[in-house]
Structures are given as structure tokens and as C-alpha cells.
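Chemist: The structure follows.
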Amino acid sequence: MTLTGNGNGNGNNRDVSNERSFGGERPNALELAWVRVRAHLRSEYGDAAFKNWLRSLTLLRASGDKVVLAVTSKFWRDWIAAHYGDRLVALWKAENLGFNGVEIVVNAVEAKEPRPRGDALEMPQRETDEARPQPAPAAMNGEEPRLGDVQNLCTPLDPRLTFETFVIGKPNEFAHAAALRVAEADEIPFNPLFLYGGVGLGKTHLMHATAWRLRMRNPARRVMFLSSETFMHLFVKAVRYKDTHAFKEQFRSVDVLMIDDVQFFGEKSATQEELFHTFNALVDHRRQVIISADKPPVDLQGIEERLKSRLGSGVVAQLNPTNYELRLSILQAKAEQKGVAIPSKVTEFLAHKITSNIRELEGAMTRLFAHATLLNSREISIDMAQEVLQDLLRANDRHVTIDDIQKRVCEHYNIKMADLLSPRRARAVARPRQVAMYLAKQLTTRSLPEIGRKFGGRDHTTIMHGVRKIEELRGGDPSLNEDIEILTRSLTR
Ligand code: ADP
Ligand code: MG
């Protein structure tokens, strides 16, 4: 397994002629560097992690621009690569000995296996076929994708995606609270945690944040974070190599399993079956499972009923489409993080205009900052934003009108337009009216007084009250929430 900082590791062009061997009488530069790298790792990850995982690594040799480390089993190799790979590479690079990557080979003779903790589930120990020193990792045979992909087992965690950088607002506060609860609890509070929401609304961010926090609170905890593609890839590979037993054991030996974007499992019934069994085994052994998808479990397409019902049996938390306030807070937070001064007029403009999702909002900011910096801190203004973000703004400009909203709301709730605009306060019309006001605020750039005029000449405070009311109710009323989503989707399609 070769790890490189930029993920393009290609061990096939290993330059054997340039091998610097290791193991002379006097510590050489390589050994000394290894001592320093280990000391860094130990101080960064703590003694527990060091004892559990890192101690099992030994230095073999340098090979070309790579350092070759050995470990006793495939499992440990993948585990270390996934959790510490990036850091290992960075620390070796920082030693300035010309290394660009780290290769981890399975070699039971050279390395000592640390004992796993005494859990009910044992680590896979397949000493028989791994006790032999292996000439090269499996990936060398050209059968496998090269392992610059630490992803082959775990998706590496992004250091930027933490709870500290996650901005909380009405649309995501429940999902945030649920994730934080899982991250900070000593006992499993509920199982599984199922996070769902549209693209770019923060599912992956929350999962990474949870994994970081879990790891920080207890570095020895085995947290496995996978994309659904990786899960499937590993499974398919295991089937191909007739190694499903080890596959199962690997998953079942973790403390926390996180799988991102399970909607991609649709129709892949063997993988589903496997997830189902893995899931049951983990829950039965009191291990935490965290799942994300773009829809709630009941709406997942092509997923078996029993799996859906298991997925929905813990806490299901939604990342709702953003509102203006959240978008504004995110823009302010990002500007602050980057230390860029951006006039509030511009953040307000962007928060109004870029309503699709947080990823696009971030993209807009990045582009704006880059532009300002490249042009020698040209001041960020609305004009500049309009010029630089033309395409994004156009894509977000869905031209939803208040008339459209009112019409759609009347159809949805089966009420008359005259009633919607009338002063009648009967709940059957008052609630849909508030929903329409809320949508007008969310989906158009009209001001409150403008919206008021469109609602039979109401005062802007009435509109504000309606908007607030719906915001408040959304949190605790799934059917209202669903109405709003259906309406939003049909209006913005
Ligand atoms: P998803 O997985 O739901 O598609 P991501 O978690 O990848 O979305 O989020 C998209 C981008 O938006 C990421 O860069 C993420 O850091 C950012 N983001 C999402 N939600 C928030 C938030 N509440 N605060 C700050 N940044 C966020
Ligand atoms: Mg995601």
C-alpha cells in the first residue's frame, strides 16, 4: 500500500536501484527521522493510540522516494493507512529526506502485532497466510487500484470538517444536536443515527465532525468512516477473492461504523444483504452505526423493507434546505475563517441569491476571495460579485414568483385563492397562507412589505409573524415539513 500526500501514489515505478537499506549498526538519518516521526505521532494521537496502533509499525527501508513501513496484518495495514496515512506522509515529507510517500507492507516477521483490546468481537487474525513476508502489497500485482487511495478501506477525514466549523441554524440544529450527542456520549444514546438531506447541506460535514470528536475523546476507539461506494467496492472485491469472512469480521470489529450516502446501495441486493447483517451484528454488540442518505429511510428506492425499517429504528434527523439566516451566518463564518473583509451588503446579497445549497455558497465565496486576492485586494463589492459569479447567480435565479407560490399552495391544500388572500383566520386557510408567506420569503428576493402587498395588502409584521410561525413549527411537525418540501421542490424544479 502506497500512500502519497496528493493521492496519486503510483508504486509501480518503484525505483529499486535507489534502495537505501536500513538496519546498520549505527542509527542513520532514516532511523533518526523515524524516531522523530514516531514521537510526533505519539504526541499528536496520544499514548493510547500509540499503544494500540502505531507501535505495530516498523521501519523497513527507503525505496526511491518512499519510506517502506511494515506491519503484521492486512487489517492493521489498512487501518493505519486509513487513520494515520495522511499524517504519516506529511511527517515524512517534513523530514526533508526527499520522501514523497509511504508504503506499508504486510510483514509479520519484521513487525510485532499489538494485542487488540479484549472486545467481544475479535480482530481478524489470519496469521497463516500473512505470517509469510510478502514481497509487495497486493496492489503491486496490477489487479487492484493503486493505493494512493487510503480510501480503499476508510475515507480519510477532512481536517476542515469539524463541529467547530459547522454553523448551526434552524435548518440543521436537530441533526447537529443528534450528531453531537452521539459524538460525546459514553453510552450509545440511540442506534443508528440516520442523517438525511439534499446535496450540499452538510451530511458529510457532520459525519466527519462526529468521527473527529469520537476520535479525540477516545483515540483508541475504532471509528470506520466509509462512502457507500467503498463499502460496495470492498464487498465486491471480497466476493471476488472469496474472502467474505474476513470482510465481515473487519466491519464487525469496529466500535463505530459510518457509511455515507447509502442511497447508492439501491438494487445492489447482495451488498444490502451484507450491510443488513453487518448492521445487525454491530447493533447487537452495542456498536454505534451512523448512516447518511439523501432521503429518509422510508423513501429510499430499491432498498428492502427490513433494511429500511432497521435504518429508521434509531434517530432520523434531517438537514433541511437552508434559510436566509443560516446562509448569512455561514458566509460570515467563512469570511472570518479566511480573514477576509467582506462588506455586509455583499454577504446579504449572496445569502439572498445563492439559495441552492451550502456547497455552492462556499464555492461562491472561494471564487470571490480568489478574485479579490489575485487582483491585489480589489475591494469586494456587489458589482464585483455579480461579475465574478454570473453563472452561479443565473443558475440560482429560478424566477419563482409570489404568484406561482400562491397558486401552488392553493392547489396543494385545496383552497381557493380568494380565501388565501382574504382576512379569514380559520386554521384551514390561515396555515396554508403562512406556508405561502414563508415560501415567498425563502424562494424569492422580495422584501417583507412587498410580500405583504401581494397577500391582500397585509402589513410586513404580519408576514414576519407568519414566516416565524412556520419556522417554529417545521422543527416538530413532519407533515408540515413534508408539505414545504414538496412545494419547494415543485416550485424550484
Ligand atoms: P452533503 O454531504 O450533504 O452533500 P457536505 O457535508 O459535503 O454536504 O457539505 C457541503 C459543503 O458545505 C462542505 O464544504 C461543508 O463544509 C459545507 N457545509 C455544510 N453545512 C455547513 C454548515 N452548517 N456550516 C459550515 N459549512 C457547512
Ligand atoms: Mg456528502
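Chemist: Treating cross-link reach as a plain straight distance, find the lysines whose alpha-carbon is under 17 Å from the alpha-carbon of residue 469, omitting any fewer than eight places away in the same chain.
Modeler: 170, 441
Chemist: Protein chains only, probe 1.4 Å: how do 208, 460 rank by accessible area, largest first?
Modeler: Heavy-atom accessible area, descending, gives 460, 208.
Chemist: While we're looking at this one, here's another question. Quick one: dipole size for segment 150-319, taken about the Cα centre, charges +1 on Lys/Arg Cβ and -1 on Asp/Glu Cβ, in debye to the nearest 20.
Modeler: Dipole magnitude for segment 150-319 comes out near 300 debye.
Chemist: Order the following by accessible area, largest value first: 160, 87. Probe radius 1.4 Å; ligands, DNA and RNA are ignored.
Modeler: 160, 87
Chemist: If contacts are Cα pairs under 8 angstrom and at least 6 residues apart, what is the relative contact order of segment 402-492 in percent?
Modeler: 28 percent
Chemist: Name the residues whose placed amide hydrogens come within less than 5 Å of the amide hydrogen of residue 101, ignoring near sequence neighbours (fewer than 5 apart) on the same chain.
Modeler: Placed amide hydrogens put 67 under 5 Å from residue 101.
Chemist: Give me the one-decimal nm value for the distance between modelled label points at residue 461 and residue 244, 7 Å along each residue's Cα-to-Cβ direction.
Modeler: 6.8 nm
Chemist: What ranking of 245, 83, 352 comes out by heavy-atom accessible area, probe 1.4 Å, highest first?
Modeler: 245, 352, 83
Chemist: Name the residue from 402, 443, 476 whose Cα lies farthest towards the positive end of the charge dipole of segment 402-492, charges +1 on Cβ of Lys and Arg and -1 on Cβ of Asp and Glu.
Modeler: 402
Chemist: Does anything in segment 440-468 have its amide N under 16 Å from the 7 Å Cα→Cβ label point of residue 412, and if so which residues?
Modeler: Once the point is set 7 Å along Cα→Cβ of residue 412, 440-444, 466-468 turn out to lie under 16 Å by backbone N, inside segment 440-468.
Chemist: With a point put 7 Å past each Cα toward its Cβ, work out how far residue 479 is from residue 44 in nm, to one decimal.
Modeler: 5.3 nm
Chemist: Between residue 185 and residue 270, what length comes free when the chain is fully extended (0.36 nm per residue of separation minus the Cα-Cα distance, one decimal in nm)?
Modeler: Gain on extension, residue 185 to residue 270, equals 27.3 nm.
Chemist: If you place +1 on the Cβ of every Lys and Arg and -1 on the Cβ of every Asp and Glu, how big does the dipole about the Cα centre of segment 402-492 come out, in debye to the nearest 20?
Modeler: 320 debye
Chemist: Here is a follow-up. Can you compute the FRET efficiency between residue 229 and residue 58 using 1/(1 + (r/R0)^6), with r the Cβ-Cβ distance and R0 = 30 Å? Round to the nearest 0.05.
Modeler: Given R0 = 30 Å and the Cβ-Cβ separation, E is 0.40.
Chemist: Which trypsin sites (Lys or Arg not before Pro) in segment 164-247 pass both tests, a DSSP loop state and at most 14 other beta-carbon atoms within 10 Å?
Modeler: 242
Chemist: Shifting gears a bit: Work through the residues other than residue 295 whose Cβ is under 13 Å from its Cβ and net out their charges, Lys, Arg +1 and Asp, Glu -1.
Modeler: Cβ neighbours under 13 Å give a net charge of -2.
Chemist: Here is a follow-up. For residue 227, list long-range residues whose amide hydrogen, built 1.01 Å from N in the peptide plane, is under 5 Å from its own amide hydrogen.
Modeler: 155, 260
Chemist: Net charge within 14 Å of residue 185 by Cβ-Cβ distance, Lys/Arg positive one each and Asp/Glu negative one each, not counting residue 185 itself?
Modeler: So the surrounding residues net to +2.
Chemist: Then there is this: Excluding same-chain pairs closer than 8 in sequence, count the lysine pairs in segment 278-382 whose Cα atoms lie under 25 Å apart.
Modeler: Here the count comes out as 5.
The values are calculated or read from the model by the stated rules, or taken from the named source; none is laboratory data. These numbers were taken from a predicted model, which means no experiment stands behind them. Quick reminder, even Gly has a Cβ in these numbers, built from the backbone with ideal geometry, and neighbours come from all protein chains shown. To get the accessible areas, we keep the full protein, side chains included, count just its heavy atoms, and leave off ligands, DNA and RNA. Shrake-Rupley method; radii C 1.70, N 1.55, O 1.52, S 1.80 Å.
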